[in-house]
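Peer 1: Structure incoming, see below.
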Amino acid sequence: RRIKAMEAYGLFRGTVRLIDPAKIGLDVTIFCHVRLRDHGEDIGHAFEVFVASRAEIVECYSMSGDWDYLLRIVAEDVGSYERFLMRVLLKQPMVATASSQFALRQAKYTTALPL
């Protein structure tokens, strides 16, 4: 009943199945801070269109503070991430710089919200 009521209220965006990234060869998780060259609305929109087009970028947040965006990226290995960073991300005309941190292990992950 609770699920049906939440559904009727429009709380659900969709239903998904979660895949274990390691089982499909995506063993590396990278958190990448990005700074844009300019802060015009069109620049941010262009960056977000680019992000939406890239499957390896699984999350993107517009941020306050020193960096404009935080990306969560998955990759097969460090070399494949380096190729993406150098040949794709940093080649985008709206990107000024990026800083990457590699996750050593995942201590917690959930999609559940505290209801």
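The values are calculated or read from the model by the stated rules, or taken from the named source; none is laboratory data. Everything quoted here is computed from the prediction, not taken from an experiment. Note that each Cβ is placed from the backbone with ideal geometry, even for glycine, and that neighbours are counted across all protein chains shown. For the accessible areas, the whole protein counts, side chains as well, though only heavy atoms, and no ligand, DNA or RNA atoms are used. Shrake-Rupley method; radii C 1.70, N 1.55, O 1.52, S 1.80 Å.
Peer 1: Got a sec? Which residues in region 72-115 would a label at Phe12 touch, if it sits 7 Å along Cα→Cβ and we count backbone N under 15 Å?
Peer 2: Residues 112-113 fall inside that zone.
Peer 1: Let me have the 222 nm mean residue ellipticity of the chain computed from DSSP H runs of 4+ only, each contributing -39500 (n - 2.57), with the sum over all residues rounded to the nearest 500. Each step should come with its number before you reach the end.
Peer 2: Numbers: 3 runs with 30 residues, N = 115.
Dividing the helical sum by the residues of the chain leaves -7500 deg cm²/dmol.
Peer 1: Compute the Cα gyration tensor for region 1-64, then decide on rounded, prolate or oblate, letting a ≥ b ≥ c be the square roots of its eigenvalues: rounded whenever a/c is under 1.5, prolate when a/b is larger than b/c in the other cases, and oblate in all that remain. Please list the in-between numbers first.
Peer 2: Working: a/c = 3.03, a/b = 1.40, b/c = 2.17.
Cα axes put region 1-64 in the oblate bin.
Peer 1: Using amide H atoms built 1.01 Å from N in the peptide plane, name the residues 5+ places from Arg37, or on other chains, whose amide H lies under 5 Å from its own.
Peer 2: It is Val95, Ala96, by chain and number.
Peer 1: So how tilted is helix 78-87 from the main axis of the chain? Cα-based, degrees 0 to 90, rounded to 10.
Peer 2: Tilt of helix 78-87: around 60 degrees.
Peer 1: May I ask you to give the solvent-accessible area per residue for the chain, in square angstrom, as obtained with a 1.4 angstrom probe?
Peer 2: Working: 8920 Å² over 115 residues.
Per-residue accessible area for the chain comes out at 78 Å².
Peer 1: How much of the accessible area of the chain, probe 1.4 Å, is carbon plus sulfur, in whole percent? Don't jump to the answer; show the numbers that get you there.
Peer 2: Working: 4740 of 8920 Å².
Exposed carbon and sulfur together represent 53 percent of the surface.
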